[in-house]
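*Asks:* To start, I am sharing the structure in question, which I have written as structure tokens.
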Amino acid sequence: MNINPEIATLTYAEQGLIWLRMNIMDIAGGIAVLVIGLTIGSLISRWVLKGLTHSSKLDISVARIIAKTVKYAIWAIVLLTVLAQFGVETTSIIAALGGAALAIGLALQGTLSNVASGVMIMTQRPFRVGEAIMVGGIAAKVEEIGLFTTKLKQFDGLFVMMPNNEIWNQPITNYTRNPQRRFELIVGIGYDDSMKEARQALLDLAAADERVLDDPEPAAFVASLDDSSVGIGLRVWCNTDDYLALTWDLTEAAKAKFDEKGISIPFPQRVVTTMAA
């Protein structure tokens, strides 16, 4: 790889041509190793991704990260091998890269925290794409889980992008993870109305709706004794997909049923007694 001293008096162009003729085989071999190595790295990355995606226990985002890490690791090894073939001292390069990685890591602590949180979200999977969650006071549907951020769509159509670190460091409520949910309805009736009749009316509504599950069975109870009314409660279980529509329908049906039976739903009242002077 060194230029012969006897031709040092030649011009740089002439020296370059002579060096090229002397090392053409090494250059061709280095290029071949580089091309073949990069190709093999890409192929292995695809095989790793294909193999990992066959496992239902591993999130697709995690599989992609692992596959890319394998590819870049192979590419780095190939590049160092080619440089060593040309006589470049790779030890100093590795040390320099290590120092640069440390400096970059210190400068990007917040970003790396998001990456770590993203990996935890992808591996622990407190939520998946398409599920409805509550996090940080935001109720939304998960649209995309990234390495740095998670994209959400609120139920009013607004787009929200949250850093993964903020998501991971606070409680997450997943509305759609479990197949069944409980709905509780509280209706206030007058103190002069029959509590037993009101409870039975709510149970009849639950029994008439096919979306209400038999196990656990519906329960009606006296929930509270308020200032102007007696709170009658109804607890039913349903499939998660039916939850929202069932809450609307049972609430409307309860009002109609009480009207039919003459059970009042009183307005808040306050008795004010004035004493004469």
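Derivation of every value follows stated rules applied to the coordinates shown; laboratory data play no part. Every value quoted in this text rests on a predicted model; they were computed, and no experiment measured them. Every residue, glycine as well, gets a Cβ built from its backbone with ideal geometry; the counts of neighbours run over all protein chains shown.
*Asks:* Please list, in chain and number order, the residues 5+ apart from A223 or on another chain whose amide H is under 5 Å from its amide H, with Hs placed from the backbone.
*Replies:* G231, I232, G233
*Asks:* Separate question: List the chymotrypsin sites (Phe, Trp or Tyr not before Pro) in segment 110-178 that DSSP assigns to loop (not H, G, I, E or B) and whose Cβ has at most 16 other Cβ atoms within 10 Å. Which are they? Can you show the working numbers first?
*Replies:* Working: sites: F127, F148, F155, F159, W168, Y175; in loops: F127, F148, F155, Y175.
Sites meeting the loop and neighbour criteria: F148, F155, Y175.
*Asks:* Can I ask one more? Straight-line reach from K68: which lysines fall under 16 Å, measuring Cα to Cα and dropping same-chain residues less than 8 apart?
*Replies:* Partners found: K50.
*Asks:* If we sort 247-260, 201-214 on the protection proxy, mean other Cβ atoms within 10 Å, highest first, what's the order?
*Replies:* For the peptides 247-260, 201-214, the packing ranking is 201-214, 247-260.
*Asks:* Treating segment 114-220 as a set of equal point scatterers at the Cα positions, no solvent, please give the Debye-formula log₁₀ I(q)/I(0) at q = 0.10 Å⁻¹.
*Replies:* Each listed q corresponds, in turn, to -0.47.
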